[in-house]
Structure formats: structure tokens, C-alpha cells
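The values are calculated or read from the model by the stated rules, or taken from the named source; none is laboratory data. Note that the structure is predicted; figures quoted are calculated from it, not measured. Positions of Cβ are generated from backbone atoms using ideal geometry, with glycine treated the same way; all protein chains shown enter the neighbour counts.
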Amino acid sequence: MPRALMWIVAVYLPCAAIGSAALVAYAAVNFPVAGGNPWWQAPPIVLWGVYMAAVSEVMMCMVLFLPRAPRAVQDAVVDVGLTWVGMALAVATSVAVGLAPTWLLVVLDCVYLVLIAAVAGLWVRLYRAYGTVRDDNPDHDSCRVLDSSIA
């Protein structure tokens, strides 16, 4: 795939995830299908979009900026992050919004926040482990310094 097309995908995927989730959240608030307060139904839907955008951004960051990352790690981010966790959360969000108990929606919001923080942590860890050194001094290995500070 040409690099310019990868950049288009890197910009489009997060926007599509957040935009579609925002559209569904708008419909859920303005046309409620379940009882309860519809304003509590919007955050889990939007946070699902943010989670999917974060995982897709990690995926495209690995393709564009982390050429040393193993292909198995890239496949795991797609398989686990988008397919298994993302689709399971989509089903859980649909059920929670359909049933609309406030406590379930708040718990789901907390789960999304923890997962988004975990994806951000994964992104930092991948960049520290497989990022390229952009320094003119060949004796300076910033990846090794960052890795030693974690361990």
C-alpha cells in the first residue's frame, strides 16, 4: 500500500469511528428507544468510538512510524483490540443502552476509560520498544535509555 494512502487511512479511521459513534449517540438522545434518562446513554456510545479510534490510531502508528515492530504485534492489535474487544464492547454498549439502567451505563463508562488508558499505555510502550532513534549522535540510544527507565 502506498504511504500516501496509509496516511489517508490513518486520518480517516479515527474520524470515522468517532463520527459514527457521535451520530448514533445523537440519535439515542433525540430518539430514545428505552426508558431512563437518554443523556446517560450517549457517553458509552461516544466512548466506544473513542476506543475504536485509539486502537486504529495505534495500528496506523505502527504501520507508519514503527517499522521495527513485529508483524505479530500489529496483527494482535487488530485482532484483539478491534475485533475481539471492540466488537464485544459494541454488543455490551447496545445491550446497556437498550436496557438503560444508569448504574450499568456508568460502569460501562468506567470500563471504557480504563481501556482507553490501557491503549494509550500500549502505544507509549510500543513506541519506546520499537521506535527509531532520530539523533545525530550514534552513541546515544534513546530507546535503550527509555527501556531501562521502565524496567
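Any residue that is in contact (Cβ under 8 Å) with a residue 12 or more places away in the chain and over 18 Å from the mean Cα position of the chain (by Cα) - is there at least one of those in region 49-67?
Scanning region 49-67, I find at least one residue that is in contact (Cβ under 8 Å) with a residue 12 or more places away in the chain and over 18 Å from the mean Cα position of the chain (by Cα), so the answer is yes.
Which numbered condition in (1) surrounded by 17 or more Cβ atoms within 10 Å (Cβ to Cβ); (2) under 22 Å from A129 (Cα atoms); (3) of a type outside the set (K, R) is the only one that P70 fails?
Exception for P70: condition (1).
Find the helices (runs of 4 or more DSSP H) located wholly in region 23-133 whose residues include 1 or more that are more than 25 Å from V9 (Cα to Cα), and list them.
42-65, 87-99, 102-130
Tell me which of these P2 doesn't satisfy, since it passes every other one: (1) modelled with pLDDT of 90 or more; (2) surrounded by fewer than 18 Cβ atoms within 10 Å (Cβ to Cβ).
Every listed condition holds for P2 apart from (1).
May I ask you to list the residues in region 1-11 that are in contact with a helix residue (DSSP H, G or I) (Cβ under 9 Å, 6 or more places away or on another chain) and either free of Cβ contacts under 8 Å to residues at least 24 places away in the same chain or not hydrophobic (A, V, I, L, M, F, W, C) (or both)?
M1, R3, V11
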